[in-house]
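The values are calculated or read from the model by the stated rules, or taken from the named source; none is laboratory data. These figures come from a predicted structure and were not determined experimentally. Note that we place each Cβ from the backbone using ideal geometry, even for glycine, and neighbour counts take in every protein chain shown.
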Amino acid sequence: MKVFGLAIDPITSTPIVILKDLQEKKVVPIWIGLFEASAIATQLEKIDLSRPMTHDLMNDMLNALEVKVTRIVITDLRNNTFFAIIDMVKSGTDIMIDSRPSDAIALALRAGAPILVDETVIEKSTDINFGNRTGDLNNYTKEQLQEFLENLSPDDFGKYKM
């Protein structure tokens, strides 16, 4: 998957990171926090800050300790909450760390690591119960919502402002 863009939920003003597969046929929207959205946005926009943000610091520490982030995997979706792991290797030893997807994505972007999403998560993400968070999105059928997400273009996002 790749980070296709960041958007703002128009009802709750919550940031959403949109992941798309490399063929741009499958889409996974993940609601994230403002700080994590900022961390993702600064990396996507290649903004060079005078001081390291938390994810920059984490990446620098891992590099100094000779730990390589090999990939991140969005592993599950339960009760509208996504779960992820960060796969790393140190001196030939594999290390897996539980993570929020937003932190894992921010780190993967900095480490140049692939972003993977378990196929069952992709399927479950089309069944997200939006509750009262997104208003009119509840009126969409599963297929309409999937079609809407799949057909988003980079122009739909504009510049993500913090």
On the basis of being among the polar types (S, T, N, Q) and modelled with pLDDT of 95 or more, does ASN59 make the cut? yes
Would a scan of the stretch 67-78 turn up a residue that is surrounded by fewer than 19 Cβ atoms within 10 Å (Cβ to Cβ) and in a loop (DSSP other than H, G, I, E, B)? no
Does GLN43 satisfy the criteria of being without any contact (Cβ under 8 Å) to a residue 12 or more places away in the chain and either among the aliphatic types (A, V, I, L, M) or not in a strand (DSSP E or B) (or both)? no
Condition (residue is of a type in the set (Gly, Ala, Ser) and more than 18 Å from LEU77 (Cβ to Cβ)) applied to the stretch 8-15: is it met by at least one residue? yes
Need pairs with beta-carbon distance below 6 Å; first residue farther than 12 Å from VAL69 by Cβ and within the stretch 89-118, second of a type in the set (Lys, Arg); sequence gap 6+ or separate chains. LEU116/ARG71
Determine which member of the set ASP48, ASP98 is over 20 Å from PRO15 (Cα atoms), surrounded by fewer than 13 Cβ atoms within 10 Å (Cβ to Cβ), modelled with pLDDT of 95 or more and not basic (Lys, Arg). ASP98
Pick from the stretch 22-40, criterion free of Cβ contacts under 8 Å to residues at least 24 places away in the same chain and assigned to a loop (DSSP other than H, G, I, E, B), ranking: surrounded by the fewest Cβ atoms within 10 Å (Cβ to Cβ): GLN23
Tell me whether the stretch 110-122 contains one or more residues that are in a strand (DSSP E or B), over 13 Å from the mean Cα position of the chain (by Cα) and among the charged types (D, E, K, R). no
